[in-house]
Amino acid sequence: MEISQTQVIKTISKQYPCLEEILEEYSKETDKKVSNNNSDTVFGFWMQTLADLQLLDLELSGLTTSYKINSINRTVKFNNDEKYIRNRIAHLDLIKGKPTLYSFITDLFGDTNAYAFHNLYPYKGKFYPRVVRTLINAFNLTPGDVILDPYNGCGTTTHEASLMGINSIGLDINPIGNIISELKNELPFVSEKEFDKLLLKDLQKIYKLLENRKRTHKNLTMYKLMLMIYFDTLDAFTRTSRYNRKGKIGLFVEKFNYIKGCHYKIKEFLKKFNIEIKKAKIQKGNVLDLQKADIKKNSIDAIITSPPYYFSLDYVGKDEIAYKYLNEIGFLKETMPEIKNLYLGMRIRDNLKDKKILENKVITYFDDLKKSVFEMANVLKKRGKIAIVVGDSTIYSKKLPTTKKTHNYAKDAGLKHIKTIFNPLLGARNRAIRGESILIYEK
Ligand SMILES: C[S@@+](CC[C@H](N)C(=O)[O-])C[C@H]1O[C@@H](n2cnc3c(N)ncnc32)[C@H](O)[C@@H]1O
């Protein structure tokens, strides 16, 4: 049944409803019609691949004991744990007709990946946040547990764990990644006043200060935020002429306003669901020596991680502007080449000096990958779970068997294989990687 404009207007008590009020009334009506039955438990609207279906199954298997998936009707049936599942699951839009917390937050941000501060900065090779949420659910982790990501990048794992109120530790060799992870961790605790007080003229002044290598805020979190928005703006200009009409300051202000909007929405979300965000522990460190990073043997409940895919992305080079600037102002001591040398497979091994650089790097990459799998297995508690997301890169038309090798290293490290889910990257621009495998083990 169509709803007419007069019907909508009639349901609004005010004589002159504003556009938002009219749209709100329409959207209530649409919500009711999406499902065949108002008591349905319905798949996420974005679910389209077999991997999505497998991930839904995996998520449910961690959250409840008995359930039935109907993949033709895109519905699920289960009897217990309704409230618990509604607050945690990523792959369902509605449970018995009521929206899940995940569908609320993704609707609020208008995106199933760029919600909360996940889209703070375009870090290369980052996770899909919903995959992290799915794995946290599959492992049925609770607030007392500790999750580790020793390749934490820009902190997708730690940010998602924080939003779910679960303790986490994020480690990475990349200082830029660590700054972004710290920001995701700290921004929810910044007051709205800090954002609201910055008017256009203040932002223009801030941009000029940054250009002149001057500090913009006493508050370190706000200063780091301004720096990252500044680097992102400059980087965008080196890559495309699309923003020329806006100008650098225009783009800087636009990016600031985007983050301000995220900040406002995240506060609204936390208040509505009465969520106490758990700050993660973000630290600089090398996955090849977790002891040195003070991560003890048998101390971690779950690891959710993804090592760098050999050569497919230049994780360090992408942030050249940021490294140069931060070195210049003394914020960062290590230079870009120094960081690159600590990267998995990037260091040049002395005993292989006489061999060709590429061969040297491939061998070093697999040696390092193996060592990192052993290190991770070592810090996991007995029965602790680990999910490693990997893909096979192609070099000179040859595929590197990274997935297979990782699987063998995990078995050698004494981990018990539970499941592998292959997730095709259908829209990926990088044709060299067809998809990723999520390898899941228990210690
Ligand atoms: C695929 S990315 C992970 C991205 C992350 N999942 C995210 O969502 O941002 C791989 C990460 O491994 C890090 N890395 C490379 N070598 C490392 C090492 N030896 N120790 C720790 N981290 C390292 C890189 O800096 C990069 O951030």
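The values are calculated or read from the model by the stated rules, or taken from the named source; none is laboratory data. Keep in mind the model is a prediction, meaning the values are calculated, not measured. Using ideal geometry, Cβ is built from the backbone for each residue, glycine included, and neighbour counts are taken over all protein chains shown.
Checking each residue in region 121-142 for being more than 9 Å from the ligand (Cβ to nearest atom) and out of contact with any strand residue (DSSP E or B) (no Cβ under 6 Å at 6 or more places or on another chain) picks out Y121, P122, R130, V131, R133, T134, I136, N137, A138, N140, T142.
From the list K265, K224, K214, the lone residue that is in contact with a Leu (Cβ under 9 Å, 6 or more places away or on another chain), within 18 Å of K324 (Cβ to Cβ) and modelled with pLDDT of 95 or more is K224.
Test T221 against the criterion of being closer than 30 Å to T305 by Cα and more than 12 Å from the ligand (Cβ to nearest atom), and give yes or no. Yes: the conditions hold for T221.
Buried (at least 17 other Cβ atoms within 10 Å of the Cβ) and outside any helix (DSSP H, G or I): is that true of L187 in this structure? Answer is no for this residue. Of the residues making up region 340-352, none is within 25 Å of I303 (Cβ to Cβ), surrounded by 15 or more Cβ atoms within 10 Å (Cβ to Cβ), small (G, A, S) and modelled with pLDDT of 90 or more.
Counting only residues that are more than 17 Å from I136 (Cα to Cα) and outside any helix (DSSP H, G or I), region 374-396 holds 8 of them.
Checking each residue in region 282-321 for being more than 10 Å from the ligand (Cβ to nearest atom), in a strand (DSSP E or B) and either outside the structural domain of D172 (by TED's automatic domain parsing) or in contact with a helix residue (DSSP H, G or I) (Cβ under 9 Å, 6 or more places away or on another chain) (or both) picks out I282, Q283, I300, A302, I303.
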